Amino acid sequence: MIENTTTINLPPRLAEQIQSYVQAGWFPDLNSLVVEALRRYLEAHQTELTERYVWQDVEWGLRGNE
Amino acid sequence: MSEAVLDAGPLIHLSELDALDVLRDMDILRVPVAVWDEASTHQPEALEFPGLERVTVPNVSASLQIVAQSLALDRGELEALSLMELYPRALFLTDDAAARLAAEQRGYAVHGTIGLLIRAVRRGLRSAPEILSLLRVLPQRSTLHLRSSLLNAILARLENEWTK
C-alpha cells in the first residue's frame, strides 16, 4: 500500500471526539479512523446514495442549465 | 466550451444502448488511460466514438490517494478524479456512487448515464420518445443496474414531464 500524508481541517469538538477514540485504543491513529468512517458510511448508504444521484440526474437532465 | 472527463460507466452503458451520440455536443471528452483500457476490455466499440481523447494521467495527489483508499475506488475512477483536478470545470461523468461522492466532496459537477440520456432531449439531440424507449429497455440492453421500481418511477416522471 502506498503511504501518503495529507491535512484535513476538523471542527474542534469533532477533533476532540476523534482524539478520544484514538487515545482509548479504538483506532491506531486518525487516518485509520477516517478511512473506516468513510468506508462504513458508503457501505451503509450505497443504495440511498445511488438513488439520490439518479434523481439528481433526472432533474439535471430535465432542467440543467449548462 | 463544454468538456467532460469520462469514467467507464457512462462510456460503456451509453455504448451498450447505442446512445453515445448524446455526448456529441460536448467539445472535449477526456478518457483516462485506465478507463480506456477498461472499456477496451468490456465494450471496445465504445472507443470508436469520434472525439474521445485518451489521456495519460499524471501523478495522483496524496489526498486523492487517501480518498480512493477510503472509498475503494478502482484505478479508472482514481485516474478520472485525478484528471478532474487538472480540469475542475469539466463535467465528470460516472455511474459509480463512491466516485460521485468523492467528486461532490471536491466540488465537481458530476452526472451519470441517466442524466445524460434525459439531457439529450433538452439539448435537442434525441426525441423524448426515443429516450423513453431506451430507458424501457435499459435492463435488457445495458449493464447499468437500477431497481425496477426506481426505473418505473423515473419513467413515470419523464412521461408526465414530456407529455405536458
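For the protein assembly as shown, the Kirkwood hydrodynamic radius comes to 18.8 Å, computed from all pairs of different C-alpha atoms. As a length-normalised measure over Cα pairs under 8 Å and 6 or more apart, the relative contact order of the stretch B:32-135 settles at 20 percent. Of the three principal axes defined by the Cα atoms of the stretch B:1-150, the extents in descending order read 46, 34, 29 Å. Per DSSP H run of at least 4 residues, take -39500 (n - 2.57); add these up for chain B, divide by its residues and hand me the 222 nm value, nearest 500 deg cm²/dmol. Result for chain B, helices only: -15500 deg cm²/dmol.
Less than 11 Å Cβ to Cβ from residue B:134, Lys/Arg counted +1 and Asp/Glu -1: what total charge do the surrounding residues give?
Once all neighbours under 11 Å are counted, the net charge is 0.
Values quoted throughout were computed directly from the atomic coordinates according to the rules given, and no laboratory measurement underlies them. Because the structure is a prediction, the values reported are computed rather than measured. Cβ coordinates were reconstructed from backbone atoms using ideal geometry, including for glycine residues, and neighbour counts include every protein chain displayed.
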